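Colleague: Below you'll find the structure I mean.
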Amino acid sequence: MKITDIRSRLLLAALLPVTLVVILLAAVHLIDRIGDIAEAHNQRQRSLARQLATACEYGLFSSNNSQLQAIAMGALREADVRSVSIVDGNGHVLASSGKRVYPTPPGLDSQERELFDGASRIELLVQPILASQLKLDDLFEVRPAEALKTQAPLGHVLVEFSRQALDQRERDMLLVGFAVAFGGLLFGGFLALRLGRGVIRPILRVSDLIDRIGHGELSARAKVQPDDPLREVQLGLNQMAERLEAGRDELEQRVVAATQDLRQKKEEAETATLAKSRFLAAASHDLRQPTHAMGMFVSRLAQLPHDAQSQQLIGSLEASVLALQDLLDALLDLSRLEANAVQVHLRPFALAEVFTQIHDELALTAIEKGLRLRIHPTDACLMSDPSMLHRILLNLVANALRYTLSGGVLLACRVSADGRRARIEVWDSGIGIASQHHESIFKEFYQVGNAERDRSKGLGLGLAIVARKAQLLGHRVQICSRPGQGTRFSVEVPMAPPGAAVDRRSTLRPATFDNLAGLRVLVIEDDILAREGLVRLLAGWGVLVGVAESLVTARQQMENGAVPDVIVSDYRLRDGENGIEVIRQLRADAGRLIPACLISGDTDLSLMQVAKESSLTLLHKPVRPAKLRSLIRHLAKDVKAENADLV
């Protein structure tokens, strides 16, 4: 038991010395008193035995047994005498009284003897009866020891004494001693409590005041008494509490003022942020519109016949447009990742399909640079999002091709020894990356050795997107590289569970139709440049294009019998109309679910959710012609299948 309370400690400090003093005094008194009682008892026994021996001397000398018997009977009247026996020099009993405990007399000689039986608590005193020339009134004169040793005794007196009365007196003495000690402890404890209160109460008041101040009650004050032993301490605590309270009030006022200032600045920052967001949203939309139209025009222009010089100029123009589109697409991907707007769809799939798609997309780039793109075959089945993993590996392989001047790039997969994880690796023989840049290359717009921001060396967003998507999927990306010795990027992906149903068909390359000639496509776009560029591009593909600016003009075309096979609509239209509602109305008028897609320069995350709920594919401007062509082919699949059924 731990004694932590100050009251208990002070009481213990007061009682310990009192207890020790009382116990010592009681022990000393009891030991001395019990010793005195035992000594007096022994002296009385020896004195009585000697008196009997002296009284029996004449009876033995005169062989007066009746006198001896009278002496023995008279001795029983003495306290604690149990029995008395008088024997002659040969050990024959001449007289006895009482019940003897020692049946056999001990060895008899001229010496006094004392025997004790612990079981019966009986003491036996053997006193020799010696002949003497003493006067009758001088019984206690002691003869010389030499005479006693040589003189033969006339007989012996055997007196048995009981120690029960002595034991009872000792017990009574112990009880009295314990009672006195206990009373002393009680009295000492009472005095300790009374005296300790004068110290404990002030300490408790100080402790309570400190506790209240510690819990924030700075208005607490101690009531100081004139005779308080801790008066100075309590006055100091009161002054400290006053200073703390004043400091707290001042601090609260400063906090209130600072909070108001921060709130005002926060409101100003939020206002500026909203204004900036509105500006960026408007600027992004307005920038995407002409870029989208320019991409359509350039793509259509490239389809027309030109001389060599014009073809070279158009190629440079197309490369600039693609670089701008790449930047806008990368910024859009990054903003969606930062806003947690990317949905992950984990499923088991065959990695070989992803490898094949990457080879098809980048083989031409490797050939143009004179590099060798090697992809090791694999039969691994992984558990991940195939579209997002495809994008990660595509960025890694594209980066490897961009920074490799000679040699080649290797894409391979290794399964761990326990068969639970796969390690997808991208090796290159490029320029390598110094170790101090290994962490920084995954940051936005960070590029090694591209201070001039050469677009041919990338935008510095690919690896940032790789890191964000890998983190979203829970895959670990690692790099191992040395300058001049190439680089190895690796991505760890969990294997598909054994027995899981794996779809061997790739969702990255849907079944499409190459020939779009004769397909009726309705374009709903209110921006003149964007509409004209899109119409000319579609017409170059052999598509029968219908043009509308709003729901009214689109309905007019349908009423004239031009029901489209596919609808391509902008999201923002005139007079507050939006493409989602226009497509819904046109589908209702046609009585069937016309395949449709939505094009928008808005990057609002809520728009993607609304388009998904309406079963519409959303393309962000600027749209790549190849991506638009692939989507229209995919949408035309149902139309061609329906026409085949009619035939």
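The values are calculated or read from the model by the stated rules, or taken from the named source; none is laboratory data. Because the structure is predicted, anything quoted here is derived from the model rather than measured. For neighbour counting, all protein chains shown are included, and Cβ atoms are generated from backbone atoms with ideal geometry for every residue, glycine included.
Colleague: Checking CYS597 against (1) modelled with pLDDT under 85; (2) closer than 30 Å to LEU301 by Cβ; (3) among the hydrophobic types (A, V, I, L, M, F, W, C): exactly one of these is not met. Which one?
Modeller: CYS597 satisfies all of (1) modelled with pLDDT under 85; (2) closer than 30 Å to LEU301 by Cβ; (3) among the hydrophobic types (A, V, I, L, M, F, W, C) except (1).
Colleague: For segment 417-437: of the residues being touching a strand residue (DSSP E or B) at 6+ places or on another chain (Cβ under 7 Å) and not in a strand (DSSP E or B), which is surrounded by the most Cβ atoms within 10 Å (Cβ to Cβ)?
Modeller: GLY430
Colleague: Determine whether segment 539-554 contains at least one residue that is surrounded by 21 or more Cβ atoms within 10 Å (Cβ to Cβ), among the β-branched types (Val, Ile, Thr) and assigned by TED's automatic domain parsing to the domain that holds LEU598.
Modeller: Yes, there is a match, as at least one residue in segment 539-554 is surrounded by 21 or more Cβ atoms within 10 Å (Cβ to Cβ), among the β-branched types (Val, Ile, Thr) and assigned by TED's automatic domain parsing to the domain that holds LEU598.
Colleague: Sticking with this structure for a sec: Could we say that LEU371 is in the same structural domain as PHE349 (by TED's automatic domain parsing), surrounded by 19 or more Cβ atoms within 10 Å (Cβ to Cβ) and hydrophobic (A, V, I, L, M, F, W, C) here?
Modeller: So LEU371 passes the test.
Colleague: Something else about it: Can you tell which of SER96, SER66, SER85, SER110 is more than 14 Å from VAL159 (Cβ to Cβ) and touching a Ser or Thr at 6+ places or on another chain (Cβ under 9 Å)?
Modeller: SER110
Colleague: Let me ask something else about it. Applying the selection to segment 563-580, what residues are closer than 18 Å to ASP527 by Cβ and charged (D, E, K, R)?
Modeller: ASP570, ARG572, ARG574, ASP575, GLU577
Colleague: Within 40 Å of the chain's Cα centre (by Cα), of a type in the set (Ser, Thr, Tyr) and modelled with pLDDT of 65 or more, is that true of THR271?
Modeller: For THR271, the condition - within 40 Å of the chain's Cα centre (by Cα), of a type in the set (Ser, Thr, Tyr) and modelled with pLDDT of 65 or more - is met.
Colleague: Moving on. Please give the number of the condition LYS149 fails out of (1) part of a loop (DSSP other than H, G, I, E, B); (2) modelled with pLDDT under 75.
Modeller: Exception for LYS149: condition (1).
Colleague: Output the residues belonging to segment 382-398 that are surrounded by 19 or more Cβ atoms within 10 Å (Cβ to Cβ) and assigned to a strand (DSSP E or B).
Modeller: LEU382, SER384
Colleague: Please specify each residue of segment 173-196 satisfying the condition of being more than 60 Å from the chain's Cα centre (by Cα) and either surrounded by 11 or more Cβ atoms within 10 Å (Cβ to Cβ) or on the phi > 0 side of the Ramachandran plot (or both).
Modeller: MET173, LEU174, VAL176, GLY177, VAL180
Colleague: Sticking with this one: Scan segment 382-393 for residues that are out of contact with any helix residue (DSSP H, G or I) (no Cβ under 7 Å at 6 or more places or on another chain) and at pLDDT 85 or above and report the count.
Modeller: Result for segment 382-393: 1.
Colleague: Six or more apart or on different chains, Cβ under 6 Å: which pairs go from a residue in segment 605-627 that's within 23 Å of TRP541 (Cα to Cα) to one that's modelled with pLDDT under 80 and among the hydroxyl-bearing types (Ser, Thr, Tyr)? Could you list them?
Modeller: Correct list of pairs: PRO622/THR291; PRO625/SER299.
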